[in-house]
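Scroll down for the structure; my scribbles are underneath it.
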Amino acid sequence: MNFYQLDQGVAISEYPLADLSPINEKSAEESEGFMYLLDRLDISKNQCCSLVQQLSQAVGHETLVYLKKDLPLNSLSTEYPQWALDRIKENKVYRVNTLHPQWKLCVAKKDHHKKRVHIAGLGDVGSTLLTGLRLLGCDALDTIGIFDLTPQKVERWVHEGNQIASIDYQAYPTIEAVDEDNLFKCDVFVFCVAKQVPALHNKNVDVRMAQLEANAGIL
């Protein structure tokens, strides 16, 4: 096992990486803050840098195994030290794909401060989400960008959403309009568009699959 010191925290890797600063395991264990699991994954199926919220997300490629919360330790392809597994339980570990051409840039953006969220679609779902994030997202969010194919909806929610205020007005995340070219320039992207919703009386249709089929063209 190899251990490295990054500007953003400690990294651990099964593979040696010549362009990083190596440290010993004791220094890595005693470090505070976030840790990065450096791996080599298929860039067409895996994210560049993603938070590991449970043990299953440190195993192989992204599959349905990710949904298993009680995965046995012997399922791990790599034997991580116990202190590293403890940090996974504390939500302090990111898994990084070093085969991704921009993995270092992605890690550099993980400053763990307030984030930027973009919402596409301002119907019942998107507008309700926007209201909730404006009210409850002050500890985690800096900006909420919104996009809709109807410009009037965007203009309305920029004005109305930013009027949600209290004595601590500055604490609320700012709501901004974003155009299509900048839609994915954010930390989290939320897709709330529904092109078609099956009629309630149609009992033989899986609503989720029907919406997915209708939205495929938009995606």
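The values are calculated or read from the model by the stated rules, or taken from the named source; none is laboratory data. No experiment lies behind these values; they were computed from the predicted model shown. A quick note on method: Cβ atoms are made from the backbone with ideal geometry, for glycine too, and the neighbour counts reach across all protein chains shown.
Given the conditions (1) within 23 Å of Met35 (Cα to Cα); (2) modelled with pLDDT of 60 or more; (3) aliphatic (A, V, I, L, M), which single one is not true for Val65?
Of (1) within 23 Å of Met35 (Cα to Cα); (2) modelled with pLDDT of 60 or more; (3) aliphatic (A, V, I, L, M), only one is false for Val65: (2).
Within segment 1-33, count every residue that is of a type in the set (D, E, K, R) and closer than 14 Å to Val107 by Cβ.
Going through segment 1-33 one residue at a time, the tally reaches 2.
Can you report the number of residues in segment 15-39 which are surrounded by 17 or more Cβ atoms within 10 Å (Cβ to Cβ) and under 22 Å from the mean Cα position of the chain (by Cα)?
The total comes to 6.
What are the pairs with Cβ atoms under 7 angstrom where one residue, in segment 1-12, is charged (D, E, K, R) and surrounded by fewer than 19 Cβ atoms within 10 Å (Cβ to Cβ) and the other, located anywhere, is part of a strand (DSSP E or B) and at pLDDT below 90? Sequence gap at least six, or different chains.
none
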